[in-house]
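In what follows, a structure is listed as structure tokens, so that the remarks can point back to it.
The values are calculated or read from the model by the stated rules, or taken from the named source; none is laboratory data. Quick caveat, the model's predicted, so the values are computed rather than measured. Because the Cβ atoms are built from the backbone with ideal geometry, glycine has one as well, and the counts that use them run over all protein chains shown.
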Amino acid sequence: MKTQQYIALEEKYGAHNYHPLDVVIQKAKGVWVYDVEGKKYLDCLSAYSALNHGHCHPKIQKALVAQMKRVTLTSRAFRNDQLPFLYKALFDLTGYEMSLPMNSGAEAVETAIKAARKWAYKVKNIPNDKAEIICCTGNFHGRTTTIVSFSTEEQYRDGFGPFTPGFRIVRYGDIEDLKSNITPNTAAFLVEPIQGEAGIVLPPEGYLREAARICKENRVLFIADEIQTGLGRSGKLFAFEYENIRPDAVVIGKALGGGFYPISAVLASKEILGVFNPGDHGSTFGGNPLACAAAISALKVLIQEKLIKRSYDIGKYFTAKLNAIKSTHIKQIRGRGLLIGMVLDTKARPYCEALMKKGLLCKETHENVIRFAPPLVITKKEIDWACKQISFVMMDLG
């Protein structure tokens, strides 16, 4: 079958809740993917940062195949021999006392919301059903009914009400707005250290540090959503490390599965995650042995191959190369590590389509921003090639 035949099938039988570029990927390795006609592309999106280790990393693949031959699913009705090792690996890497594994990032955010609310009632003694969680403008934490209830993107909310109460919205990066919205009923502040879907937006320097201080002062949980920015993407293990803070809870996902299998988790103290009792929360697939095996291997590879430092160093190189591109349409290059946004004064989609034709895959976000987020294993030579294609497209489109 040819590309257009695959697209026709998808358009006919699939719900139209995505607007993908018209490339049909058939195989992949490292930073490169191949379409059904055999054309080669450099992946500069990494499945929205789920492929930090690159496509089909051999060590993670080996661990997954070995586990697949033994046992894949037990449910949490029984114990399995992989989950304890994942708990220990997460503790050793992050220092957080407890973790609660789920499947998708949105599920992990829902878990963090439930934990914060229960903590508010059982530990902080906020009156029942009065707990509030503060979120930021421009946030993206997933697409469940509860999560879109505190989104400020109208499309994410359109047609999905009535919405879940219990959330306050403050301006991202505005510390005074955060201060003025904390009340005795505030349970938590949920924030992305770098906003990905909003267009790779960084808060002002010192904002996260001051926000963490204010939360501690008011006994409010500081919850960092590191689903997209975590596990090396930003050039640190977690993006909040740039501000030398330690959130009360961290939400992770995407790259935790090494690009092979969906797994997410909430990391926190015993005081926070200890509020859950048997039956309070769960998932049939959450913490399954196949996902755990993938995550354990992915964490090992992250450390053994020094991918975090690589992201920091290569990210600086990529950013410098992008800043050297001459175009009146480029307004700003921003980001950290290998999470980079090229801000244009026009719509980004045509540029992404043109880059696809030149063999480079990236995606627009927030209309006028091109997101560049290649796997952390990318080389300088590959970045040089990518920047040549970007330069050509910038010239071609004026």
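Out of (1) under 23 Å from Lys254 (Cα atoms); (2) buried (at least 21 other Cβ atoms within 10 Å of the Cβ); (3) out of contact with any Gly (no Cβ under 7 Å at 6 or more places or on another chain), the odd one out for Ile134 is which?
It is condition (1) that Ile134 fails.
So which residues in segment 125-165 are under 19 Å from the mean Cα position of the chain (by Cα) and not polar (S, T, N, Q), if there are any at all?
Cys135, Cys136, Gly138, Phe140, His141, Gly142, Arg143, Ile147, Val148, Phe150, Glu153, Tyr156
So that you can scan it fast, the table gives a plain yes or no per residue for (1) under 15 Å from Ile245 (Cβ atoms); (2) surrounded by fewer than 23 Cβ atoms within 10 Å (Cβ to Cβ); (3) among the polar types (S, T, N, Q); (4) in contact with a Leu (Cβ under 9 Å, 6 or more places away or on another chain):
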site: Asp158; (1), (2), (3), (4): no, yes, no, no
site: Val170; (1), (2), (3), (4): no, yes, no, yes
site: Asn181; (1), (2), (3), (4): no, yes, yes, no
site: Gly196; (1), (2), (3), (4): no, no, no, yes
site: Ile200; (1), (2), (3), (4): no, no, no, yes
site: Arg209; (1), (2), (3), (4): yes, yes, no, no
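Going by what's in this entry, would Gly173 be described as part of a loop (DSSP other than H, G, I, E, B) and in contact with a strand residue (DSSP E or B) (Cβ under 7 Å, 6 or more places away or on another chain)?
For Gly173, the condition - part of a loop (DSSP other than H, G, I, E, B) and in contact with a strand residue (DSSP E or B) (Cβ under 7 Å, 6 or more places away or on another chain) - is not met.
Taking the options Lys88, Lys39, Lys62, Lys69, name whichever one is modelled with pLDDT of 95 or more, under 23 Å from Gly259 (Cα atoms) and not assigned by TED's automatic domain parsing to the domain that holds Arg157.
Within the list Lys88, Lys39, Lys62, Lys69, the selection yields Lys39.
Does Ile147 satisfy the criteria of being in a helix (DSSP H, G or I) and in contact with a His (Cβ under 8 Å, 6 or more places away or on another chain)?
yes
Under 8 Å between Cβ atoms, at least 6 apart or on separate chains: pull out the pairs that start in segment 152-164 with a residue that is under 19 Å from Tyr18 (Cα atoms) and end on any residue that is polar (S, T, N, Q).
Arg157/Ser149; Arg157/Ser151; Phe160/Thr145
List the number of the failed condition for Leu302; all other conditions in (1) part of a loop (DSSP other than H, G, I, E, B); (2) surrounded by 22 or more Cβ atoms within 10 Å (Cβ to Cβ); (3) in contact with a His (Cβ under 8 Å, 6 or more places away or on another chain) hold.
For Leu302, the failing item is (1).
Residues checked against (1) more than 27 Å from Ser311 (Cβ to Cβ); (2) among the small types (Gly, Ala, Ser); (3) out of contact with any strand residue (DSSP E or B) (no Cβ under 9 Å at 6 or more places or on another chain):
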site: Gly159; (1), (2), (3): yes, yes, yes
site: Thr183; (1), (2), (3): yes, no, no
site: Ile200; (1), (2), (3): no, no, no
site: Lys216; (1), (2), (3): yes, no, no
site: Ala239; (1), (2), (3): no, yes, no
site: Pro247; (1), (2), (3): no, no, no
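For segment 340-381, which residues satisfy the criterion of being free of Cβ contacts under 8 Å to residues at least 24 places away in the same chain and under 20 Å from Asp396 (Cβ atoms)?
The answer is Asp345, Thr346, Lys347, Ala348, Arg349, Lys357, Glu364.
Mind checking which residues of segment 346-370 are small (Gly, Ala, Ser) and under 15 Å from Lys331 (Cα atoms)?
Within segment 346-370, Ala348 is the sole residue that qualifies.
Every residue, every condition in (1) modelled with pLDDT under 95; (2) assigned by TED's automatic domain parsing to the domain that holds Val71; (3) outside any helix (DSSP H, G or I), yes or no:
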site: Gly287; (1), (2), (3): no, yes, yes
site: Tyr351; (1), (2), (3): no, no, no
site: Arg371; (1), (2), (3): no, no, yes
site: Leu376; (1), (2), (3): no, no, yes
site: Ala386; (1), (2), (3): no, no, no
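So which residues in segment 11-33 are farther than 24 Å from Leu256 by Cα and either surrounded by 15 or more Cβ atoms within 10 Å (Cβ to Cβ) or touching a residue at least 12 places away in the same chain (Cβ under 8 Å) (or both), if there are any at all?
Answer for segment 11-33, where residues must be farther than 24 Å from Leu256 by Cα and either surrounded by 15 or more Cβ atoms within 10 Å (Cβ to Cβ) or touching a residue at least 12 places away in the same chain (Cβ under 8 Å) (or both): Leu21, Asp22, Val23, Val24.
Hey, among Leu256, Leu221, which residue is assigned by TED's automatic domain parsing to the domain that holds Lys118, buried (at least 24 other Cβ atoms within 10 Å of the Cβ) and under 14 Å from the mean Cα position of the chain (by Cα)?
Step by step, each of Leu256, Leu221 is checked, and only Leu256 is assigned by TED's automatic domain parsing to the domain that holds Lys118, buried (at least 24 other Cβ atoms within 10 Å of the Cβ) and under 14 Å from the mean Cα position of the chain (by Cα).
Cβ contacts < 7 Å: first residue closer than 21 Å to Val123 by Cα, restricted to segment 203-218; second residue assigned to a helix (DSSP H, G or I) and modelled with pLDDT of 95 or more, any location; separation 6+ or different chain. Result?
Here the result reads Ile214/Leu178; Ile214/Lys179, each pair linking segment 203-218 to a residue that is assigned to a helix (DSSP H, G or I) and modelled with pLDDT of 95 or more.
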